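A.B. asks: Sharing a structure, written as structure tokens. Questions coming.
The values are calculated or read from the model by the stated rules, or taken from the named source; none is laboratory data. Every value quoted in this text rests on a predicted model; they were computed, and no experiment measured them. Using ideal geometry, Cβ is built from the backbone for each residue, glycine included, and neighbour counts are taken over all protein chains shown. Remember, those area values only see protein heavy atoms, side chains included, never the ligands or the DNA or RNA. Shrake-Rupley method; radii C 1.70, N 1.55, O 1.52, S 1.80 Å.
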Amino acid sequence: MKKTGSNLAIDDSAFQTENSVGHYKNAIGRHTEEVSRDFRDGAPIFDLLRSRSDLIDRILLSGWKHFLDADTNQFALIATGGYGRREMHPCSDIDILILHRDAESEIHNHALENFLRFLWDIGLKLGNRVSTLDECEEAARSDQVYTTALLESRLLYGSRELFDAMKTRTGADQLWPSTRYFEAKMAEQRERYAKFNDTGYNLEPNVKDGPGGLRDIQMIAWLKKRHFRSATLRELVDRGCLSLKEYEELKVDQRFLSKIRFALHLLTGRAENRLLFDFQAQLAEQFGYQDTQESSAVEQFMQKYYRTVMSVERLSDILLQLFRELIFAEDENQKIEAINPRFRSVGGFIEVTHPLVFRENPLALLEVFLLQQQIPSVKGIRASTIQLIRESLPLIDERFRANPTARRMFMEILSQRNGITHQLCKMNCYGVLPSYMPAFEHIVGRIQYDLFHIYTVDQHTLFLVGNLRSFASNKRKIELPFCNDIFMLIPKPSLLYIAALMHDIAKGKGGDHSVIGEEIAIEFCRQHGLTRLETDLVAWLVRYHLIMSMTAQKKDLTDPKVIHEFATLVGTLERLNYLYLLTVADIRATNPQMWNSWKDSLLKDLYIAAHGALHRGLESPVDQSIRIDTNRQEARSILARLGVSDTAIDSVWKDFGDNYFLRYSTDEAVWHTIAISASDPRELPLVVLRPQSQRGSVEILLYAMDQDHLFSRSTAILDQLGLTILDARIVTTRNGRVINTYLVLEQNGDPIRDIYREHQICRELQDKMSAPGPLPVASGGRRVPRQVRYFPIAPNIVFENEPGNPNTVLELSAADQPGLLSKIGQVFDHFSIRVHQAKITTIGNRAEDVFYISDKNNQLIESERLEEEIRKAIIETISQ
């Protein structure tokens, strides 16, 4: 195969023409076309990277000779960073150091300016520094990142003497000895990881800088080069740091990630290192993946990516631990302590006592993780033992999994007071967890291709376990005190962790993952010696792990029937406690941005209501009339204590029907009554805002004369104000007025805390609801995320008339969009439909809204023809 780019000539005489810039631009363009073609034809990726680097070499040398050749001995033109190691992607920055002697004339300065201007003019993106030796040394002394860039430097042209002096004065013997350099690089890695929420398994990962990305491989090379003075990763095999198999695995990973990054640069025409949704499908096709019945091409491609990331993380973990052992061996007291015949602690890290430990006793593959939980002084596993674990994974076979001691040991890991999440994560990284639980292997690196689940299934599962563990911590006692209190009531937390491991284990297997997961959970529990009651609890939690979230967000929690049905399904207080904790932890582990005070309060309200129903006894459900009378009495009592007279209360309540006291809590009825009694009935609409309701959101009361377009107009205004509507309730009084309440948050999910913002909302709503004229256009400045177009959602509308419910329930599932509620409200206006309540749920880019509606006479929508007309009109309206 020909050398890529070898047929492209750089004509130094081009500087004698008027269009020298055009000549070099054309050369770069032709080279990009050629490497793009070679890339599609399967050319080795490292050849392509070197080819780009070679082209840049020739361009820089040509320009240097034209502008500065007469002063060769005064300067050294040096490539640094990625350019220094000859890994140039199509749009990578070109890092150069121009080293000069102390005496720099004005002529030299002018020549340098012309040289650098020429490089910018032809379209090269430079990262350049002009320094003397002293300046270079000082910069390297104060910044290990700059030291790292110099570590990979190579002389392009000029004074070899200057270059060698720079290498000597910035070397490890002079600056940043290995111990300091290692600590600095580890701190840099922690800081870099934090930018990606400490995971490489995000939906739109960064191929270069994310955990498990190319930067981690480069970091291995930097540490190796700094400490061992070795030039290639292959030398790690010669030194016994890596096996040949591990080295080959690392090179395969590096090639795959480099190909993705190269493809991203070609596809976007910029230095794009993020694997955005915009490009995932195209790259999946380009890399040869095709849709199957089990999964789409893009899901297969991304699963390959995530498994590559896991491989890099695992090998990086081994090598960094090994480097730590070697670099700090002389500085630290490597105290050796015996643990048992199979393991010992060396400098605080556990290792096998001899290389045949796992072969002679395979159960030690679980024991090594259990010991780390039981011995606080153990900080981790030594690198050589991690490698032995990887090599010994075939020992975890059916016979191993059926061993009662292995099963007992795994349950011990889940029952320890400390380290459960950390050890499960390490077990997953090293391959032990998916080997021991074959069903778990299926979800490793598996994505759920939507905007709600932002992590792979296995990472989400481990985050969930971590969230459950955190409920017992002092930090969560402050942040989530209710969860902390309930966690203290859990008699056996290990059952909760098993349910967490199993809740999504059937994702991607087809069918209902909750039902299939229940079967897997039952088998696991029986194999691991759980009692029948414990097995039933875990299986039930897996089967119904979504029910509490769906009930809280979609059902009317003021309806005693809804509470009774939910409590009946749950059955016991013990199940309720486990389910509540699992639900909170699951939502927070799915997408942290989706958790807010509103969801917190909804789940808490449902828990408290269900707890009351279970405590009272399911055979004695709350009668609606009792709830109505209780609300009236409690609200009147509170109002009296606040100084509101019975006359004032009766003047407000005389036109309120029973439905009002069924829909609104005592607390809500109190502040509504105070606001309405203090207002002038001739100056409607009345708009009052309560800054912080019991549900963590702002509550807006709109009290107005009943009128057309009330719902559609008010929701459009709120959307224009940049607010997210969480809940809407509408009650019509006997005297033709409407009590319309909204619970809202800012669009980012934050409560509204600014008093000026509160005044703005009230003023805008008051003015625009009073003004006649066309409906406001609902846009609100809310920008639809670019990712949404890659996840089209076909609208789905279901009507349901439930026995005992005076309203028809309309459930809508559709792509979220600005002004969605207002558009739906306009359709309701057209068909003279009354909205009594709306529960709004947004999951990623999916709106899942529930409307409680009736016709204009407050009767159910029972005509199938009318249902179909409404359905068709809504779909047409929101699809425009």
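A.B. asks: If I take R0 = 22 Å and measure r between the Cβ atoms of E869 and K554 in this structure, what FRET efficiency does the formula 1/(1 + (r/R0)^6) give, to the nearest 0.05?
C.D. replies: Between E869 and K554 the formula returns 0.35.
A.B. asks: If you don't mind, there's one more thing I want to ask. Per DSSP H run of n ≥ 4, the term is -39500 (n - 2.57); total these for the chain, divide by its residue number, and report the mean residue ellipticity at 222 nm rounded to 500 deg cm²/dmol.
C.D. replies: On the way: 39 runs with 474 residues, N = 880.
Roughly -17000 deg cm²/dmol at 222 nm, from the helical runs in the chain.
A.B. asks: On each of the three principal axes of the Cα atoms of the chain, give max minus min coordinate, whole Å, ordered largest first.
C.D. replies: Principal-axis extents of the chain (Cα, largest first): 99, 77, 53 Å.
A.B. asks: In addition: Students sometimes get this wrong: rank K554, K304 by accessible area, probe 1.4 Å, all chains present, largest first.
C.D. replies: Result of the area sort, largest leading: K304, K554.
A.B. asks: Rounded to a whole number, what % of the accessible area of the stretch 288-356 do carbon and sulfur atoms account for, probe 1.4 Å? Walk me through the intermediate numbers first.
C.D. replies: Working: 1530 of 3310 Å².
The value for the stretch 288-356 is 46 percent carbon and sulfur by accessible area.
A.B. asks: Also, quick follow-up: In degrees from 0 to 90, rounded to the nearest 10, what is the angle of the helix 404-415 Cα long axis to the longest principal axis of the chain?
C.D. replies: 70
A.B. asks: Suppose R0 equals 22 Å; then what is the FRET efficiency for F287 and R30 from their Cβ-Cβ distance, rounded to the nearest 0.05?
C.D. replies: 0.30
A.B. asks: I need the shape label for the stretch 419-469. Rule: rounded when a/c is under 1.5, else prolate if a/b > b/c, else oblate, with a, b, c from the alpha carbon gyration tensor.
C.D. replies: Verdict is oblate for the stretch 419-469.
A.B. asks: So how much accessible area does I516 have, in Å² to the nearest 10, using a 1.4 Å probe?
C.D. replies: Probe radius 1.4 Å; accessible area of I516 about 40 Å².
A.B. asks: Per residue, what volume in Å³ does the Cα convex hull of the stretch 647-778 take up?
C.D. replies: 105
A.B. asks: Here is a further query. What is the magnitude of the charge dipole of the stretch 719-774 about its Cα centre, with +1 placed on the Cβ of each Lys and Arg, -1 on the Cβ of each Asp and Glu, and no other charges, expressed in debye to the nearest 20?
C.D. replies: Roughly 360 debye, rounded to the nearest 20.
A.B. asks: Given labels modelled 7 Å from the Cα in the Cβ direction, how far is it in nm from D93 to E683?
C.D. replies: Output for this residue pair reads 6.0 nm.
A.B. asks: Along Cα→Cβ, 7 Å out, is where each label goes; now give me the distance between the ones at D708 and D646 in nm to one decimal.
C.D. replies: 4.4
A.B. asks: I'm checking a number: the convex hull volume of the Cα atoms of the stretch 794-851, normalised per residue, in Å³. What is it?
C.D. replies: It comes to 85 Å³ per residue, whole-number rounded.
A.B. asks: Here's something else I'd like to know. Quick one: angle between helix 755-770 and the longest Cα principal axis of the chain, in degrees between 0 and 90, rounded to 10, please.
C.D. replies: The angle comes out near 50 degrees.
A.B. asks: What Rg and what Dmax come out for the stretch 528-617 when only alpha-carbon atoms are used, in angstroms?
C.D. replies: That works out to 13.4, 42 Å for Rg and Dmax.
A.B. asks: Also, quick follow-up: Label points 7 Å out from Cα along the Cβ direction at E876 and Q633: separation in nm?
C.D. replies: In this crude spin-label approximation the distance works out to 5.3 nm.
A.B. asks: A further question follows. With everything on Cα atoms, drop me the angle between helix 666-677 and the longest principal axis of the chain, reported from 0 to 90° to the nearest 10.
C.D. replies: Roughly 70 degrees, rounded to the nearest 10.
A.B. asks: Moving on to the next point. Can you give the accessible area of I752 in Å² (nearest 10), computed on protein heavy atoms with a 1.4 Å probe?
C.D. replies: About 0 Å², rounded to the nearest 10.
A.B. asks: Quick one: if the Förster radius is 22 Å, what FRET efficiency do R359 and E441 give, using the C-beta to C-beta distance and rounding to 0.05?
C.D. replies: 0.45
A.B. asks: Here's something else I'd like to know. Please work out whether the stretch 466-595 counts as rounded, prolate or oblate from its C-alpha gyration tensor, where a ≥ b ≥ c are the square roots of the eigenvalues and a/c under 1.5 means rounded, while otherwise a/b larger than b/c means prolate and anything else oblate?
C.D. replies: Since a/c stays below 1.5, the shape of the stretch 466-595 is classed as rounded.
A.B. asks: Then there's this: Pairs of Cα atoms under 8 Å, at least six residues apart: use those to get the relative contact order of the stretch 697-755, whole percent.
C.D. replies: So the answer I get is 45 percent.
A.B. asks: Okay, next question. When the chain is fully extended, how far beyond the present Cα-Cα distance does V237 get from S296, taking 0.36 nm per residue of separation?
C.D. replies: Using 0.36 nm per residue and subtracting the Cα-Cα distance, I get 17.4 nm.
A.B. asks: Restricting everything to alpha-carbon atoms, can you work out Rg to Rh for the stretch 59-197 with a Kirkwood hydrodynamic radius?
C.D. replies: That ratio equals 1.00.
A.B. asks: In debye to the nearest 20, how big a dipole does the chain give about its Cα centre with +1 on each Lys and Arg Cβ and -1 on each Asp and Glu Cβ?
C.D. replies: Dipole magnitude for the chain comes out near 1420 debye.
A.B. asks: Using a 1.4 angstrom probe with every protein chain in place, what is the largest-first accessible-area order of R399, R274? List each step's numbers first, then the result.
C.D. replies: Working: R399 200, R274 105 Å².
Solvent-accessible surface, decreasing: R399, R274.
A.B. asks: Please identify the longest segment of the chain free of exposed GluC sites (Glu not before Pro), where exposed means a DSSP state other than H, G, I, E or B and no more than 11 other Cβ atoms within 10 Å.
C.D. replies: In short, 331-618.
A.B. asks: At 0.36 nm per residue, and after removing the present C-alpha to C-alpha distance, how many nm does the segment from T572 to N801 gain when stretched out fully?
C.D. replies: Once the chain is fully extended between T572 and N801, it gains 79.6 nm.
A.B. asks: May I ask you to rank R469, R160 by accessible area, largest first, using a 1.4 Å probe over the protein chains only? Each step should come with its number before you reach the end.
C.D. replies: Working: R469 55, R160 130 Å².
Ranking R469, R160 by accessible area, largest first, yields R160, R469.
A.B. asks: Let me ask something additional. Taking square-rooted eigenvalues a ≥ b ≥ c of the alpha carbon gyration tensor, is the stretch 559-606 rounded, prolate or oblate, where a/c under 1.5 means rounded and, failing that, a/b exceeding b/c means prolate? Present the calculation step by step, with values, prior to reporting the outcome.
C.D. replies: Values: a/c = 3.01, a/b = 1.63, b/c = 1.85.
Taking the square roots of the gyration eigenvalues as a ≥ b ≥ c, the stretch 559-606 is oblate.
A.B. asks: Given a 1.4 Å probe, how much area per residue of the chain is accessible, in Å²?
C.D. replies: With all protein chains present, the chain gives 43 Å² per residue.
A.B. asks: Could you tell me the relative contact order of the chain? Use alpha-carbon pairs under 8 Å, at least six residues apart, and round to a whole percent.
C.D. replies: Once divided by the residue count of the chain, the mean separation gives 6 percent.
A.B. asks: Could I ask something else about it? Would you mind calculating the relative contact order of the stretch 261-367 from Cα pairs under 8 angstrom and at least 6 residues apart, reporting the percent as a whole number?
C.D. replies: 10
A.B. asks: Want the number for D278 to R58: 0.36 nm per residue separation, take away the alpha-carbon distance, what's left?
C.D. replies: 75.7 nm
A.B. asks: How far is the Cα center of the stretch 380-414 from the Cα center of the stretch 592-668, in Å?
C.D. replies: 54
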